[in-house]
1. With labels modelled as points extended 7 Å from the Cα through the Cβ direction, what inter-label distance (nm, one decimal) is found for A:Asn502 paired with A:Asp70?
2. What Rg and what Dmax come out for the stretch A:181-333 when only alpha-carbon atoms are used, in angstroms?
3. So what J values fall out for the stretch A:334-341 if you push phi through Karplus, 6.51 cos²θ - 1.76 cosθ + 1.60 with θ = phi - 60°, rounded to Hz, Gly and Pro as x?
4. State whether the stretch A:419-505 is rounded, prolate or oblate according to the following rule on the C-alpha gyration tensor (a ≥ b ≥ c being the square roots of its eigenvalues): a/c under 1.5 gives rounded; otherwise a/b larger than b/c gives prolate, and the remaining case gives oblate.
5. What is the fewest-to-most order of B:Ser38, B:Ser43 by other Cβ atoms lying within 10 Å of their Cβ?
6. Please compute the average number of Cβ atoms from other chains found within 10 Å of each residue's Cβ in peptide A:291-303.
7. Please list, in order along the stretch B:75-87, the HN-Hα scalar couplings obtained from phi with the Karplus expression 6.51 cos²θ - 1.76 cosθ + 1.60 (θ = phi - 60°), rounded to whole Hz, x for Gly and Pro.
8. Kindly rank A:110-123, A:468-481, B:188-201 from highest to lowest mean number of other beta carbons found within 10 Å of each residue.
Amino acid sequence: MTKMKYVSMLLLCGALLLGACSGGGQGNKPAGNGGETAQPSNNGNAGGEDDSLSEVELIWYYGVSQVSPDQKLIEDEVNKIVKEKINATVKLRPVDFGSYTTKLNTASAAGEKFDLVWTANWAFNYDENVKKGAFIPLDELLEKHAPETKKAIPSFTWDATKYQGEIYAVPNYQTITSRYGVSLRKDLVDKYGFDTSSVKRLEDLEPFLKQVKENEKGIVPLMLTGPGTVFEPFMYGFDDSGVRIGDDTFQSNWLEQTPEYKSFVELMRGWFEKGYINDDASTVKQIDSIYNGKYATGLESAMKPGYEAEKKASNGGYDVIGIPLTEATTRRTSNITTLTAISRTSANPDRAMMLIELVNNDPELYNLLSFGIEGKHYEKVEDNTVKIGANAGYRAQNWVFGNVFNGYLVEGQAADTWEETKKLNESAFVQPTFGFAFDDTNVKAEYANVMAVKAEYQPLLMTGTVDPDKYLPEYLEKLRNAGAEKVQAELQKQLDAWVAENVKK
Amino acid sequence: METYANRRGGMVNIFFNAFFIVLSMLIVAPFILIVSVSLTDESALASFGYSFLPSRFSTLAYEYLLQTPMVILRAYGNTLFITLAGTLLSILLTSIIGYVISRRDYALRSPLTVFVFIPMMFSGGLVPFYILVTQYLHLKNSLWAIILPGLLSPFYVLIMKGFMGKIPYEIIESAKMDGAGEWRIFFRIILPLSTPALATLGLFIAFNYWNEWFNALLFIDDDRRVPLQLLLVRIMNTLDFLRNNSEYIQGLGIDMSQFPNESVRMALVVMVAGPMMFVFPFFQRYFVQGMTVGSLKG
């Protein structure tokens, strides 16, 4: 009797397990079928363009700051448009930025089927995944299905996405310039009558910092963060590969050894000793509640039109005055901060490219993805400006989907922000070695070591926390031991090859 | 009657008491801080920083979280299901296999032990694991993708084996002589005798399931199946990630005010961690018993 009871109990457990497995299988079946039926349509497509397109399903992975409760609603609305225009249904797969890299690296390595995938140089790394073969080259598809998108983006931006001469992702066109400078709190500038037009170099800030230090208790004159403080080569006449601008021989300099680097580090040390810089600068990662609204000056590496409005929101609501210290420049890294690629596992690359074209040229679809549904998730305040509801059920970043210039502006941005940004993009100084990307394959170990040494010393030196007389030589010594010279030689070798191929006399 | 401790003299006593009071405070303080921050008004946080007593009391964070109660309730439901189903199944499997390889009269005892031991040393790696779960078991977006991988831990099996091996074989023999079958011996004699081990391991396993988020991160896309910890990790991770990459994304202009503020995040921590802190004391008795397992046994 009881024996039977136990046996049946065990059987039940077993059944539960099995049931679970088969249950999951069922749940996934439709997707599997979708993949199979999708295959023939691909062939059909290749046969004749003008045939009516058979229906396919596209899976699109992209990053969000937070997955929204109304995601399904947006997907349904998106599909109404996409279904009508290119007879496809899109499965939107938003993943939060924090998990994005891990999740997509795994899914991509496992050969999971998806079509469109968002990539960048700071999450789900574009260069690495191109080398791994995660994406397909897009040149032909772009010509065939996305001529408008191709046209809207300047050619140097396309160059930035090239690996061995081929394009592997479509840039989500937005600000592609960077401009180094400082921002000062307006109320303090007015109070002390500081003449901002006198600031031509960092050094010129000193009188202002001094006044704030002497007269404003509890306010940090110059707020620095460890990872955010960098030696800006462009301000000192170098480009990102360490080539002095105007140098026709393209000799790359080891920046840490230059007198300019030394003078920057010494300047920061001087300020730190005078108490202008926050004591914990080398360890602070981001200006948070402790410093919010409690500093007078900040360094900016990406001044773009309308940035003052953003700054105001993030710095305790104080108005700021931005003073650029360099021309707007464009470098490879600022062109590949947000891209959309097509996965090599895509069964329908043609249709995926059509979707990219549609998103980049159909403002209705683009705004739907970026801001949600009018009246429900946002209100229009002006013709092209929207206000996002405080507790809106849908939030996304407009720059993960496509060309931001097709979309609405957010309240607080000037009406001509897009025009200004576009103008700046097109007039920006293109760095001489733009498009060159260092490939660390041959010096992997040395490169990693050098990077580790940099991560250790840079925050200390850049923020003036330690004495450069002692630590700068030590830093250079450690870099040398880590193999910096070998890395430098490899960089020069690759650069020479690149110059021979890309720079016409 | 004078106790041993009293004989040691007052000073030593005071010292030990003080030591443990400080130690306990060090452990309890962070929890209090979290609870306090979660109950502090956000603007007060910005101007005064963290403090152990809310500088300006506010329950806004909890109200904000409870505005969309379904998200948290669903996550709770998922986590409860994962923890309950996972722990029960896992304990059953662990004790069954632990028992089998602890039996002296079982011929394949050694090879099976080695077989259990191997995955402790070597693992298949992340990508094959992912392929197995998504492409062979088809468990993507299923809660079983979180439960199955944690079902059998070789380490726990070996602990279980160690414990069950200590149960005198004579008990099994005499039960057999009285006519008990294998199932009856296992469920009526071995399992009741192993309660401390079951409770201890059960607690560990339950903790593992309760805290599990990595498998969920990999396999769960559907927002309705997100367990509690993943909800938390997502918010925390994303913030950290964006902060660490601020040099790249400055140009993109991410609106940090879109993220839940400090007190909301802490309130979420309280809601996630709170229940487990109440469950723990109930297991304490078994836990202490389990710790002494195998040290002193007649």
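1. 4.3 nm
2. When restricted to Cα atoms, the stretch A:181-333 yields Rg and Dmax of 16.1, 52 Å.
3. Using θ = phi - 60°, the values come out as 7, 8, 10, 7, 7, 9, 10, 10 Hz.
4. Numbers: a/c = 2.80, a/b = 1.38, b/c = 2.02.
Here the stretch A:419-505 falls in the oblate category.
5. B:Ser43, B:Ser38
6. Rounded to a whole number, the mean comes out at 2.
7. Coupling constants for the stretch B:75-87: 4, 4, x, 4, 5, 4, 4, 4, 5, 5, 4, x, 5 Hz.
8. A:110-123, B:188-201, A:468-481
None of the figures in this text is laboratory data; all of them are computed from the coordinates on show. Remember, predicted model here, so these are calculated numbers, not experimental data. With ideal geometry, Cβ positions are generated from the backbone for all residues, glycine too; neighbour counts draw on all protein chains shown.
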